[in-house]
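Student: Sharing a structure with you now.
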There are 2 protein chains.
Amino acid sequence: MTIMRLEKFLNEIKGFLKDSQIVLDRERLSHFSYDATERQYMPQVALFPESTEDVSRLMKCASLHGVPVTPQGGRTGLSGGALPVRGGVALSFARLNRILEIDEANMFAVVQPGVISNDLQIELKGRGLFFPPDPSSTVDSTLGGNVAENAGYTRAVKYGVTRDYVRGLEAVLPSGEVITLGGKTVKNVAGYDLISLLVGSEGTLAIITKITLRLLMRPRVRRTVMAYLNDLPEAADLIVAIFRSGIVPCAIELMDSIAINTVADHLGAALSRDAAALVLIETDGHGEEEVEAEAMEMTNLCRRSPGVTEARLAADDTEAERFWTYRREVLPSLKALGKDHLEADVVVPRYNLPFLVRFTGGLKRSDAIKIATYGHAGDGNLHVTILHRRRNFAELEEAYRLLELIYRETIAMGGSLTGEHGVGLTVMDYLPMQIEGEALPLMRRIKAAFDPMGILNPGKIFKD
Amino acid sequence: MTIMRLEKFLNEIKGFLKDSQIVLDRERLSHFSYDATERQYMPQVALFPESTEDVSRLMKCASLHGVPVTPQGGRTGLSGGALPVRGGVALSFARLNRILEIDEANMFAVVQPGVISNDLQIELKGRGLFFPPDPSSTVDSTLGGNVAENAGYTRAVKYGVTRDYVRGLEAVLPSGEVITLGGKTVKNVAGYDLISLLVGSEGTLAIITKITLRLLMRPRVRRTVMAYLNDLPEAADLIVAIFRSGIVPCAIELMDSIAINTVADHLGAALSRDAAALVLIETDGHGEEEVEAEAMEMTNLCRRSPGVTEARLAADDTEAERFWTYRREVLPSLKALGKDHLEADVVVPRYNLPFLVRFTGGLKRSDAIKIATYGHAGDGNLHVTILHRRRNFAELEEAYRLLELIYRETIAMGGSLTGEHGVGLTVMDYLPMQIEGEALPLMRRIKAAFDPMGILNPGKIFKD
């Protein structure tokens with residue numbers, strides 16, 4: 001983008017935005033240059049709209065002058081979706097952060113995109129209501145970001161992903177036009193489902209300015225079982241046995257031996273270091289007795305399942321919380337090793353997940369490189385972390401070579417290269433491995449139907 | 001379409017389709033001219049592809065010669081989606097009707113679009129598996145049709161609509177290109193969600209040739225409660241009370257007094273003729289005791305709820321079946337009155353539904369016209385049936401005037417003009433009342449991204 005175009009754009013937006021809504025200072029701007037991928041791209045200006053009208057007007061100007069605009073939520077994404085790779089505008093939602101309505105009778109919330117996910121959770125908790133999507137970034141990520149990325153979370157096994165809860169959207173097209181879709185109805189087949197299309201479109205199609213979310217009643221009781229296995233493929237059978245029992249678990253998580261040992265080291269916790277896998281299973285519900293009965297059944301299923309060396313039902317919430325700490329500490333423990341991370345967010349048919357874990361564990365590699373695998377086993381969604389040193393080119397090259405092997409195996413298993421983190425920058429180069437033929441050009445035509453000039457979050461999803 | 005273009009098209013397809021795959025005989029063709037809307041449009045030819053390759057090749061020819069193609073499932077639709085309004089090809093899936101795979105370990109089914117919905121249900125039942133979407137047309141409708149229309153059904157309250165179960169699609173674009181999307185994974189964020197876009201696109205974007213469906217375990221137990229109310233708005237409070245209890249009912253259905261009395265007349269059943277509404281509530285689950293406890297809680301909630309004059313928990317499956325017969329017999333009973341039907345499939349925020357029922361019941365009208373309202377109260381989805389005589393122009397005009405008033409009230413309540421039947425032909429003229437501004441042109445641009453020549457199911461959703 002030329003300086004002249006940017007100058008013209010800035011002159012125009014100063015006509016309707018206050019000085020406090022415009023950041024040009026490079027030091028402050030650097031704040032908007034990164035996310036959780038550790039990559040960095042500087043925007044030329046950061047803008048803070050305070051209304052849909054602000055967004056609409058600034059998009060009209062951006063269209064007129066061909067200025068790139070990259071919407072940003074909490075910048076906690078793991079695929080680079082919020083990075084302004086072509087410079088231009090970083091669009092912050094920090095001032096569009098109000099919970100507009102909690103409609104208890106219809107069980108809907110209406111929010112602005114900048115609301116921190118956890119702030120909604122707190123607001124709902126006091127009313128006995130529940131918005132299931134609760135990604136691990138919840139205290140930093142925004143609902144707009146969660147919607148744009150169709151965020152997953154541990155309890156998606158039972159409750160589904162973010163898309164399943166979005167029933168209405170207000171959005172601004174790159175042209176500045178405002179569209180309103182859906183509302184507080186659980187069903188709606190009037191016209192194409194643009195809501196489902198915008199959810200997970202990673203900020204490349206339109207700018208979301210208002211979100212209507214379906215709510216549930218908060219489950220009153222939950223129970224957690226922890227099991228160790230001495231054999232990975234047997235974990236596949238255990239997972240199938242749980243589902244086939246008729247119980248709908250709310251979470252099934254898996255950690256491989258590298259993940260177990262790293263957490264044990266980091267926390268000084270007495271985990272079973274010889275185990276091939278640790279599996280966490282949780283059930284929740286309305287009635288205490290029914291959840292208790294399901295938890296007992298799950299524990300017994302674990303105990304009877306081949307390969308299980310130990311299965312323990314958490315005695316109380318404190319012990320359950322301790323089990324979950326092991327899972328939550330995987331990433332921090334891995335980070336504490338001081339290595340660089342190359343992460344794959346692959347998803348395969350559920351039964352295949354333990355086989356993929358065995359595949360990643362068995363990959364030939366130099367001693368310098370470690371691969372830890374863990375993830376949402378109930379969804380078949382695995383986070384594979386290749387630990388390497390970025391500045392050692394041999395290691396970096398090997399890490400990328402291993403990543404490609406994992407991607408190939410995922411595709412061979414009928415899987416997808418990303419289950420919840422998105423394509424963004426990090427998966428972009430590999431996407432044609434999965435989406436073949438006319439499907440990707442078709443997605444580009446849909447992009448053009450929304451954004452003919454390509455000014456909205458350019459340089460993402462599609463390789464130039 | 002000119003005869004010459006059709007001739008050229010037919011000559012070409014005879015190169016790869018057998019005679020038995022082509023129907024030109026007008027008498028046999030008339031079979032493909034109607035659906036459940038009682039409208040009729042003759043196709044010029046009906047084709048019976050036997051493979052994806054057949055579909056791909058015939059679409060290439062249709063594109064070349066600009067021949068309209070209208071995909072047809074069981075032709076049970078209520079919005080005219082399967083009617084060949086521009087003539088051309090009626091595309092039948094009668095020979096693409098195989099269940100390709102039931103993957104019990106991953107809990108997925110892979111089917112061709114022509115599989116009769118109920119045939120899959122039967123196949124799954126024997127394995128303890130469950131595909132929740134079960135529209136009332138299930139013995140005649142096809143899974144391809146259910147997917148194209150994003151069909152609803154009574155248990156959508158708990159289990160969601162058809163879209164929530166489609167995880168993979170193979171589809172043929174109007175150009176003849178075959179695309180493959182998703183697969184046997186429950187999560188997937190690689191690229192735009194074209195699957196959700198195709199589901200509910202009413203056969204206007206692409207021709208679905210293979211469907212991968214997520215399955216659940218069949219609930220073992222279900223219990224049904226029937227309640228009468230002497231006041232409609234109180235039904236809103238009852239529905240809210242049920243949801244707020246934490247119970248997730250699988251169905252909440254409502255019948256107004258006209259529906260009650262028509263069914264009572266038709267079946268000679270002892271229904272409470274003075275009631276303002278009849279409400280059916282069902283819960284299901286894995287464990288007998290838990291479902292029993294929920295059923296008791298629901299019954300007590302009904303008994304404590306203002307306006308409820310009677311609440312009865314079905315003693316056994318036979319009695320539950322009898323309760324459900326009342327609901328299922330609404331449409332046949334109305335049909336037996338020998339009047340013409342003008343039906344609205346409106347959906348409003350759940351709490352508003354009883355108010356909409358009161359509104360439709362209170363509409364000023366001549367004595368000749370009756371309005372019966374009933375529907376999926378738990379979803380806020382109402383089927384309003386305006387009984388009139390089509391050949392009496394005054395009545396016909398009045399029926400359409402009433403329909404428009406109902407649509408206006410629906411929009412005013414924040415609702416949608418169609419909850420599960422689709423836009424097709426019947427809602428097309430009214431769609432701009434609901435979808436305003438740039439959203440409809442945007443949908444047309446998406447249509448053009450798939451079907452630049454407009455040969456696929458032309459004359460639907462968008463008014464020319």
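Student: From the alpha carbon gyration tensor of chain B, can you work out the equivalent ellipsoid semi-axes (sqrt of 5 times each eigenvalue) and give them in Å, largest to smallest?
Tutor: Semi-axes, largest first: 39, 27, 19 Å.
Student: I'd like the mean, over residues of A:427-436, of how many other protein chain beta carbons sit within 10 Å of each residue's own Cβ.
Tutor: Details: counts 3, 0, 0, 1, 2, 0, 1, 6, 7, 3.
Mean partner-chain Cβ count within 10 Å for A:427-436: 2.
Student: With +1 on the Cβ of every Lys and Arg and -1 on the Cβ of every Asp and Glu, and nothing else charged, how large is the dipole of chain A about its Cα centre, in debye rounded to the nearest 20?
Tutor: Numbers: 52 positive and 60 negative charges, 204 e Å.
For chain A, the charge dipole is close to 980 debye.
Student: Only Cα pairs under 8 Å and at least 6 apart count here; give the relative contact order of chain A as a rounded whole percent.
Tutor: Details: 974 pairs, mean separation 70.9, N = 464.
Value for chain A: 15 percent.
Student: Which distances, shortest first and in nm, link A:Lys463 to the matching position in the other copies, using label points set 7 Å out along Cα to C-beta?
Tutor: Ordered by distance, the counterparts are at 4.6 nm.
Student: By what distance, in whole Å, do the Cα atoms of the stretch B:249-364 stretch along each of the three principal axes, largest value first?
Tutor: Between the extreme Cα coordinates on each principal axis of the stretch B:249-364 lie 46, 31, 25 Å.
Student: How big is the charge dipole of the protein assembly as shown about its Cα centre, in debye rounded to the nearest 20, if each Lys and Arg gets +1 on its Cβ and each Asp and Glu gets -1 on its Cβ? Walk me through the intermediate numbers first.
Tutor: Working: 104 positive and 120 negative charges, 398 e Å.
Dipole magnitude for the protein assembly as shown comes out near 1920 debye.
Student: Taking the convex hull of the alpha carbon atoms in the stretch B:37-162, what volume per residue do you get, in Å³?
Tutor: Convex hull volume per residue, Cα atoms: 112 Å³.
Student: Of the beta bridges DSSP finds with both residues in the protein assembly as shown, what % are antiparallel, to the nearest 5?
Tutor: Values: 122 of 140 bridges.
Bridges in the protein assembly as shown that DSSP calls antiparallel: roughly 85 percent.
Student: Where does the stretch B:1-48 land on the Kirkwood hydrodynamic radius, alpha-carbon pairs, in angstrom?
Tutor: The answer is 11.8 Å.
Student: By a straight-distance test (C-alpha under 15 Å), which aspartates and glutamates pair with B:Lys18 as possible cross-link partners, with residues fewer than eight away in the same chain excluded?
Tutor: B:Glu50, B:Glu53, B:Asp54
Student: Need the full-extension length gain, A:Ile122 to A:Phe355, defined as separation in residues times 0.36 nm minus the C-alpha distance. One decimal, nm.
Tutor: Values: separation 233, 0.36 × 233 = 83.88 nm, distance 3.85 nm.
Here the answer is 80.0 nm.
Student: Separate question: Which whole-angstrom value gives the distance between the alpha carbon centres of the stretch B:166-239 and the stretch B:406-443?
Tutor: 20
Student: Here is a further query. Please report, in debye to the nearest 20, how large the charge dipole of the stretch B:119-252 is about its Cα centre when each Lys and Arg carries +1 at its beta carbon and each Asp and Glu carries -1 there. Write down the numbers at each step before the final one.
Tutor: On the way: 15 positive and 13 negative charges, 168 e Å.
Taking the Cα centre of the stretch B:119-252 as origin, the dipole is about 800 debye.
Student: For chain A, report the accessible area per residue in Å² (1.4 Å probe, heavy atoms, rounded to an integer). Numbers along the way, then the final one.
Tutor: Working: 16860 Å² over 464 residues.
Normalised by residue count, the accessible surface of chain A is 36 Å².
Student: Another one. At a probe radius of 1.4 Å, figure out the B/A buried accessible area, summed over both chains, and give it in Å² to the nearest 100.
Tutor: Numbers: alone 20000 and 20020 Å², together 33680 Å².
Counting both chains, the buried surface is close to 6300 Å².
Student: Here's a follow-up. Inside 10 Å of the C-beta atoms of A:441-448, what's the mean count of C-beta atoms belonging to other chains?
Tutor: On the way: counts 3, 12, 6, 2, 6, 8, 2, 2.
Counting Cβ atoms of other protein chains within 10 Å of each residue's Cβ and averaging gives 5.
Student: Still on this structure: Cβ under 15 Å from A:Val23's Cβ, A:Val23 left aside: what net charge do those residues give with Lys, Arg +1 and Asp, Glu -1? Intermediate values should be presented prior to the final figure.
Tutor: On the way: positive: A:Lys14, A:Lys18, A:Arg26, A:Arg28, A:Arg75, A:Arg95; negative: A:Asp19, A:Asp25, A:Glu27, A:Glu50, A:Asp54.
Counting the neighbours of A:Val23, the net charge comes to +1.
Student: Considering only A:Ala156, A:Leu205, A:Ile195, whose Cα is most displaced toward the positive end of the charge dipole of the stretch A:153-231, charges sitting on Cβ of Lys, Arg (+1) and Asp, Glu (-1)?
Tutor: Farthest towards the positive pole: A:Ala156.
Student: Something else now. Would you mind calculating the relative contact order of the stretch A:39-153 from Cα pairs under 8 angstrom and at least 6 residues apart, reporting the percent as a whole number? Numbers along the way, then the final one.
Tutor: Values: 180 pairs, mean separation 28.7, N = 115.
Relative contact order, the stretch A:39-153: 25 percent.
Student: Using a label point 7 angstrom from Cα along Cα-to-C-beta, what distances in nm, from shortest up, separate A:Leu363 from the other copies?
Tutor: A:Leu363 label point versus its equivalents elsewhere: 6.2 nm.
Student: Along the positive direction of the dipole of the stretch B:1-134 (beta-carbon charges: Lys, Arg +1; Asp, Glu -1; about the Cα centre), which of B:Leu47, B:Gly77, B:Phe93 reaches farthest?
Tutor: Of the listed residues, the answer is B:Leu47.
Student: Among all the aspartates and glutamates, which ones have a C-alpha under 16 Å from A:Lys335's C-alpha, if same-chain residues fewer than 8 places away are not counted?
Tutor: Result set, ordered by chain and number: A:Asp35, A:Glu38, A:Asp265, A:Glu343.
Student: At a threshold of 8 angstrom on Cα-Cα distance, excluding pairs fewer than six apart, so keeping six or more, what relative contact order does the stretch A:344-464 reach in percent? Walk me through the numbers on the way to the answer.
Tutor: On the way: 147 pairs, mean separation 32.3, N = 121.
Once normalised by length, the contact order is 27 percent.
Student: Let me ask something additional. Count neighbours as other Cβ atoms within 10 Å of each site's Cβ, and list the trypsin sites (Lys or Arg not before Pro) in the stretch A:299-375 that are DSSP loop with at most 12 such neighbours.
Tutor: Working: sites: A:Arg303, A:Arg304, A:Arg312, A:Arg322, A:Arg327, A:Arg328, A:Lys335, A:Lys339, A:Arg350, A:Arg358, A:Lys364, A:Arg365, A:Lys370; in loops: A:Lys339, A:Lys364, A:Arg365.
Hits after loop and neighbour filter: A:Lys364.
Student: Quick one: label points 7 angstrom along Cα→Cβ at A:Arg390, distances to the other copies in nm, smallest first?
Tutor: 6.8
Student: Which net charge results for the neighbourhood of B:Phe130, defined as the other residues with beta-carbon distances under 11 angstrom from its beta-carbon, given Lys and Arg at +1 and Asp and Glu at -1?
Tutor: Working: positive: B:Lys125, B:Arg127, B:Arg155, B:Arg214, B:Arg218, B:Arg220; negative: B:Asp134, B:Asp284.
Summing Lys and Arg as +1 and Asp and Glu as -1 gives +4.
Student: Give the aspartates and glutamates whose C-alpha is closer than 13 Å to that of A:Lys184, dropping any in the same chain fewer than 8 places away, or say none.
Tutor: A:Glu101, A:Asp103, A:Glu104, A:Glu170, B:Asp379
Student: Mind checking the full-extension length gain between A:Met4 and A:Arg389? Use 0.36 nm per residue of separation minus the Cα-Cα distance, one decimal, nm.
Tutor: Numbers: separation 385, 0.36 × 385 = 138.60 nm, distance 4.08 nm.
Residue separation times 0.36 nm, minus the Cα-Cα distance, leaves 134.5 nm.
Student: A further question follows. Ranked highest first by the average count of other Cβ atoms within 10 Å around their residues, in what order do B:383-389, B:435-441 fall?
Tutor: Values: B:383-389: 22.6, B:435-441: 16.6.
Ranking the peptides B:383-389, B:435-441 by packing returns B:383-389, B:435-441.
Student: Against the longest alpha carbon principal axis of chain B, how many degrees, from 0 to 90 and to the nearest 10, is the axis of helix B:317-328 turned?
Tutor: Once rounded, one gets 70 degrees.
Student: Let me ask something else. With N residues in the protein assembly as shown, what two-decimal value do you get for its Cα radius of gyration over 2.2 N^0.38 Å? Display every interim value, and only then the final one.
Tutor: On the way: Rg = 27.9 Å, N = 928, 2.2 N^0.38 = 29.5 Å.
Relative to the 2.2 N^0.38 Å estimate, the protein assembly as shown comes out at 0.95.
Student: Which of B:Lys210/B:Lys447; A:Lys447/B:Lys447; A:Lys60/B:Lys447 have a Cα-Cα distance over 23 Å? All intermediate terms of the calculation are to be shown ahead of the outcome.
Tutor: Values: B:Lys210/B:Lys447 21 Å; A:Lys447/B:Lys447 13 Å; A:Lys60/B:Lys447 25 Å.
The pairs that break the limit, which is 23 Å between Cα atoms, are A:Lys60/B:Lys447.
Student: Something else: State the answer as a single residue: which of A:Pro452, A:Leu363, A:Leu229 lies farthest towards the positive end of the charge dipole of chain A, with beta carbon charges of +1 for Lys and Arg and -1 for Asp and Glu, about the Cα centre.
Tutor: Among A:Pro452, A:Leu363, A:Leu229, the one farthest towards the positive end of the dipole of chain A is A:Pro452.
Student: For A:Arg28 and A:Glu438, what is the calculated FRET efficiency with R₀ set at 30 Å and r taken between the beta-carbons, to the nearest 0.05? Write down the numbers at each step before the final one.
Tutor: Working: r = 44 Å, r/R0 = 1.48.
Working from the Cβ atoms, E equals 0.10.
Student: Tally up the carbon and sulfur contribution to the accessible surface of the stretch B:290-448 as a whole percent, 1.4 Å probe, everything protein left in place.
Tutor: Details: 3390 of 6560 Å².
The nonpolar share, carbon plus sulfur, comes to 52 percent.
Student: Full extension from B:Asp19 to B:Asp464: what is 0.36 nm times the residue separation minus their Cα-Cα distance, to one decimal in nm? All intermediate terms of the calculation are to be shown ahead of the outcome.
Tutor: Details: separation 445, 0.36 × 445 = 160.20 nm, distance 3.52 nm.
The span from B:Asp19 to B:Asp464 would gain 156.7 nm if fully extended.
Student: While we're here: Given R₀ = 45 Å, what would the calculated FRET efficiency be for A:Arg445 paired with B:Ala241, taking r from the Cβ atoms and rounding to 0.05?
Tutor: Details: r = 48 Å, r/R0 = 1.07.
Calculated transfer efficiency: 0.40.
The values are calculated or read from the model by the stated rules, or taken from the named source; none is laboratory data. No experiment lies behind these values; they were computed from the predicted model shown. Positions of Cβ are generated from backbone atoms using ideal geometry, with glycine treated the same way; all protein chains shown enter the neighbour counts. Areas reflect the complete protein model, heavy atoms only, side chains present, ligands, DNA and RNA absent. Shrake-Rupley method; radii C 1.70, N 1.55, O 1.52, S 1.80 Å.
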